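The next block holds one structure in the form of structure tokens; read it before the comments.
Where a number appears in this text, it was derived from the coordinates with a stated rule and is not lab data. Treat the numbers as computed from the prediction; the structure is a model and nothing was measured. Please note: Cβ atoms are built from the backbone with ideal geometry, for glycine as well, and neighbour counts cover all protein chains shown.
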Amino acid sequence: MGKDSMDEGQKWYLEYSAIGSDLSMVSEPDSGRQAQNFKDFRVWQQGQELVKLVYKLTRKFPKEEMYSLTSQLRRAAVSVPSNIAEGWGRNRIGYLSLGLCYSRGSIHEVESQLLNAIDLEYLTKEETAVAMDLIMRCSSGLLNFMSKLEAKR
């Protein structure tokens with residue numbers, strides 16, 4: 001099948017799956033060692049920590065928020081480390097880069113939702129300070145990692 005006869009999804013898959021080498025040569029910026037698993041990445045570890053913080057914070061929300069802001073915040077937080085793991089699992093630098101990009105989007109979704117929780121007076125700025133600091137550090141780490149992977153292409 002020639003590239004001209006493929007639909008857009010097939011073209012995208014072919015283009016993205018061919019991007020970069022496999023992940024045997026990936027290391028996180030400033031870590032100084034090759035990753036053996038997605039769990040080795042500091043940004044994944046920070047994402048896991050954010051999940052725990054978000055679950056702890058959302059326990060304080062009113063019960064009527066269980067299926068709205070609580071659920072949305074938890075899903076966004078879980079997406080941060082999950083997208084890193086999924087990108088790693090696809091074993092291509094291009095997919096890892098895409099997973100990092102999605103994780104960065106999710107982390108700022110969490111930030112926005114925490115700001116909503118403050119505005120709605122479910123949480124205080126003081127209660128969210130640790131999470132907000134972690135969000136900024138992880139966002140910066142993700143951007144740095146993405147830049148490093150982009151330079152490998």
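Restricting the first member to segment 68-85 and to residues that are without any contact (Cβ under 8 Å) to a residue 24 or more places away in the chain and surrounded by 23 or more Cβ atoms within 10 Å (Cβ to Cβ), and the second to residues that are part of a helix (DSSP H, G or I) and not β-branched (Val, Ile, Thr), the beta-carbon pairs closer than 6 Å and six or more apart or on different chains are ASN83/GLY99; ASN83/TYR102; ASN83/SER103. Summed over segment 128-153, the residues that are surrounded by fewer than 16 Cβ atoms within 10 Å (Cβ to Cβ) and of a type in the set (Gly, Ala, Ser) give a count of 4.
Within segment 86-127, if we keep just the residues that are among the aromatic types (Phe, Trp, Tyr), over 10 Å from the mean Cα position of the chain (by Cα) and part of a helix (DSSP H, G or I), the residue that is surrounded by the most Cβ atoms within 10 Å (Cβ to Cβ) turns out to be TRP88.
Can you pull out every residue in segment 117-151 that is among the β-branched types (Val, Ile, Thr) and closer than 26 Å to GLY99 by Cα? Correct list: THR128, VAL130, ILE135.
Keeping to segment 98-140, report how many residues are in contact (Cβ under 8 Å) with a residue 40 or more places away in the chain and more than 16 Å from TRP88 (Cα to Cα).
17
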